[in-house]
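The values are calculated or read from the model by the stated rules, or taken from the named source; none is laboratory data. Nothing here was measured: the structure is a model prediction, and the numbers come from that model. Virtual Cβ from ideal backbone geometry, glycine too; neighbours counted across all protein chains shown.
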Amino acid sequence: LTSLNGTQNAELTKHALNLIKDTGVNVVSITFDGCSSNVTMARLLGCDFSIITLNTKFEDVVVFLDPAHMVKLIRNTFGEKKTFLDGDGNLIDFNFVQKLFILQETEGCHLANK
């Protein structure tokens, strides 16, 4: 069995939501990880994840990207790429995270970061 693409996910999700609605249950939100087929599904259902035109709702259903999974993706990408640019073009450098870790180890304080 191969995985479903975004179009297939969107069709199955619409069908499932209609079946659930027919039972009288009101689905108010769905949550999923950030894999590309899920994001495509949400876009096909009417969501827009652009910062300027943000819309995380279709019909009466709000879409959430799983926060814990998104933080993990950002952490892993940050560790791999080492730098990001913020919305204003300022450099965000992983070197500062490494320096914070060394300071914590040296001073014996731990702020629960990995």
Name the residue that is nearest to the chain's Cα centre (by Cα), counting only residues in the stretch 19-31 that are of a type in the set (Val, Ile, Thr) and surrounded by 11 or more Cβ atoms within 10 Å (Cβ to Cβ). Thr31
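To keep it simple, each residue is scored yes or no on (1) under 20 Å from the mean Cα position of the chain (by Cα); (2) surrounded by fewer than 15 Cβ atoms within 10 Å (Cβ to Cβ); (3) acidic (Asp, Glu).
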{"site": "Leu12", "(1), (2), (3)": "no, yes, no"}
{"site": "Leu17", "(1), (2), (3)": "no, no, no"}
{"site": "Val39", "(1), (2), (3)": "yes, no, no"}
{"site": "Gly46", "(1), (2), (3)": "yes, yes, no"}
{"site": "Ser50", "(1), (2), (3)": "yes, yes, no"}
{"site": "Val63", "(1), (2), (3)": "yes, no, no"}
{"site": "Pro67", "(1), (2), (3)": "yes, yes, no"}
How many residues are surrounded by 13 or more Cβ atoms within 10 Å (Cβ to Cβ) and modelled with pLDDT of 90 or more if we restrict to the stretch 74-83? 1
Just one listed residue, out of Gly87, Gly6, Gly34, is out of contact with any helix residue (DSSP H, G or I) (no Cβ under 8 Å at 6 or more places or on another chain) and either surrounded by 14 or more Cβ atoms within 10 Å (Cβ to Cβ) or of a type outside the set (Phe, Trp, Tyr) (or both), and it is Gly87
If you go through Thr53, Thr31, the only one that is β-branched (Val, Ile, Thr), at pLDDT 95 or above, assigned to a strand (DSSP E or B) and not assigned by TED's automatic domain parsing to the domain that holds Asp88 is Thr31
